[in-house]
Every structure is written in C-alpha cells, then in structure tokens.
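Single-structure report; data block below.
The values are calculated or read from the model by the stated rules, or taken from the named source; none is laboratory data. Being a predicted model, the structure only gives us computed values, none of them experimental. Every residue, glycine as well, gets a Cβ built from its backbone with ideal geometry; the counts of neighbours run over all protein chains shown.
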Amino acid sequence: MPSAPLPARRAVLLIQTAFIGDVILATALLERLHQMEPGTPVDFLVRKGNEELVKNHPHVRRVLVWDKKQEKYRGLWYLLQQIRAASYQRVITLQRFASTGFLTAFSGAPERIGFDKNPFAFRFTRTTPHLIGAGVHEVSRNLHLLDPTYDGPLTLPRLYPSPVEEATAAAYAAAGPYVCIAPTSVWFTKQFPREQWLKLLRALPLRYTVYLLGGPPDVAECAHLLQASGRAGVVNLAGQLSLLASAALMRGAVLNYVNDSAPMHLCSSQDAPTCAVYCSTVPFFGFGPLSSFSRIVELPDELACRPCGLHGYSKCPLTHFQCAHGIETSQLLSALAEAEAEVVK
C-alpha cells in the first residue's frame, strides 16, 4: 500500500515592521528557512510601504501589512486577529519593540520567539540576546532566532527583482560602464554631505555614466547634485525606479557609493560591489555591507565623539560634523580603483 502523505507543516510568521534596510536584512531568515525547511510556508509582516520588497519573494507565501500611520492601534488589533486565525506554529519577531512583541506574545502560536530585550519577552517561549557593539552582524543576530547554537557561515539576505524590474535596469545598464550613487539618508549624520558628494562627482572618470538613486523624497537633492556637479553623464533616477529595479541596476555597476543606509543593504541583497561611507556611525554596530566586494570609507583618524549614536541624529550634536567633512575624496576613488581591478580579474 502507498504510504500516507505527510501532514502539511504549519506556517511560520516573521515580523519586521521597521525600516527598509531592516526588512532587507531579515530576508536572510527566508533563505535560511528555505534551506532548512523547504516545505514550511512562511508569511512576512511588514509596515505599509515596504511590502514591495517581499510581495513576489519566492519563499514568502503571504505578506501581511501594518499601516503605522493610519489607525495604528486599531490596525494592530486587527492584525492580531489575523495572526491568531492563521494558527501559526512559530511567530518570530525580529524587533525589540512592544508592538511586535505584543503580536508575538498573544499570537496563540506554540512557539513564540524574539529578542530578550523585547518588553513582552516574558511571554515568549524562547528568547535570544541582542548584543549591539560586539562586532556581530545584525544578520547573525537574526539567524540566532532560528537556531541559537548555529555557528556556520552567514546566510546572506536576498531580494528577487521581477522580470519587468530586471528589464528596466537592463535598459540603463546597456549604456556602458556605470557607477551608482545613493546620496541620501533618513538621518542627517548618516548622510555624506552634499559638498562631499559633489567633490566625488567631479572627480569620477568621464568614462562612467553616473546614476543617482533614491526614492521620491530624494528627487530634489539628486537634481541639485546633478546640476551643481557640472559633470556630463550624470543621470537622476531618483523617484523613477522601484526599490527592486534599483537593486537590479546596482548589481551591474562597477561600484555603488552608499551611506550607512537602506541602499547599502540593497547592494548586499544582490552581491553588488559596494563602497559604504560611514559618518557618525560605525560598522562595529553590526549593520555593515555584506557583498563579496565591499569597501568601507570613514574618517581615518579617531574622534572622541564618534560614534555619537546607533542611528544618527538630525544634526551633529557638536555642530562640526568632522566625521563626514574629514573624509577625503581620494578614499572613495581608491575604492573605485580596487573595484575596477576586480572587474578585470
């Protein structure tokens, strides 16, 4: 007699409702779960605006969306009803905030997992330490939510641009060798200053087209850089490409210049060559680039005030912003020379 079919595995819910970069890094868990448990359905809860990152992800069954700006708490209660109705086996929150801890703690799942710093950790069935400043990457911290004893190689985050997004990027890539610059950040002290980007733009070899990348809020800043640089071959694509189309374009660049911000993690998701400029923050926090070709540019000399915070500030607390203004253009050009050498190999 044929053997009875195995029962379907109960689904897992991953929760990451923070910023774009946090969602990208969380996709490493999707890759790891697919490797470990290819038959387990995985759902993903994100904040409204970030769903495009994972809506067509091959390892995601369903995307849940929380609109934090409209009916925040009513929406949270509605989500809890959805989560409880889904009868998840595991609910894993990658955040240390009470809202996602609440969803996890009262999800009804037999396994409720999160970091020990979450206010609702006392209702979790398993917790994992979250140590910032120990030189451990955030991806590693997240992966330990799946297996606290895991000590193998880092599973990389990955995004999957659609064929349409790949074709959009390919049309720009066909123009010849290019460099991408994503010049903005949500945090002022994480953003390389305008005058510093202008120095780089004017120094980049003219054989490269330069694509300026960003979302709709970045259009004006990128337009200013284009105009003020006076350089031929600069194209402002801010607000014109989706996140995944931008990721596909970055994959084909000779080098991508980024801040310690979401575009850096887009690069990691595509193994795109990366030059990450660190101003007020430091890679030691655990959010650095993961591409096989990655270079970090930061002030070569120590500053007593750096780092001044985990996420940065709306202005330099001491007003001098030396951690950004002290970086030399030659440091960024050196990264390009190394990237060019890698292309030749």
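Checking Arg295, Arg306 one by one, the residue that is of a type in the set (Lys, Arg), in a loop (DSSP other than H, G, I, E, B) and either under 19 Å from Trp197 (Cα atoms) or touching a helix residue (DSSP H, G or I) at 6+ places or on another chain (Cβ under 9 Å) (or both) is Arg306 and no other. All of (1) at pLDDT 90 or above; (2) surrounded by fewer than 20 Cβ atoms within 10 Å (Cβ to Cβ); (3) over 18 Å from Gly288 (Cβ atoms) hold for Leu6 with one exception: (1).
When Ser314, Ser291, Ser261, Ser269 are checked against the criterion of being more than 22 Å from Glu52 (Cβ to Cβ) and not acidic (Asp, Glu), Ser314 stands alone in meeting it.
Restricting segment 239-286 to residues that are modelled with pLDDT of 95 or more and among the aromatic types (Phe, Trp, Tyr), the residue that is farthest from Pro216 (Cα to Cα) is Tyr278. Return a yes/no flag: does segment 69-76 have any residue that is assigned by TED's automatic domain parsing to the domain that holds Ser107, more than 18 Å from His265 (Cβ to Cβ) and modelled with pLDDT of 95 or more. No, because not a single residue in segment 69-76 is assigned by TED's automatic domain parsing to the domain that holds Ser107, more than 18 Å from His265 (Cβ to Cβ) and modelled with pLDDT of 95 or more. Restricted to segment 172-279, the set of strands (runs of 3 or more DSSP E) holding at least 3 residues that are in contact (Cβ under 8 Å) with a residue 60 or more places away in the chain comprises 178-182, 255-259. Counting only residues that are within 20 Å of the chain's Cα centre (by Cα) and either in a helix (DSSP H, G or I) or at pLDDT below 95 (or both), segment 157-167 holds 2 of them.
The set of residues from segment 78-102 being surrounded by fewer than 13 Cβ atoms within 10 Å (Cβ to Cβ) and hydrophobic (A, V, I, L, M, F, W, C) comprises Ala85, Ala98. Here is the figure for segment 170-184: residues that are buried (at least 24 other Cβ atoms within 10 Å of the Cβ) and not β-branched (Val, Ile, Thr) total 3. Name the single residue that is nearest to Pro177 (Cα to Cα) among those in segment 318-345 being touching a helix residue (DSSP H, G or I) at 6+ places or on another chain (Cβ under 8 Å) and not in a helix (DSSP H, G or I). Ranking the candidates gives Ile327 first. Scanning segment 288-307 for residues that are more than 19 Å from the chain's Cα centre (by Cα) and surrounded by fewer than 17 Cβ atoms within 10 Å (Cβ to Cβ) yields a count of 6.
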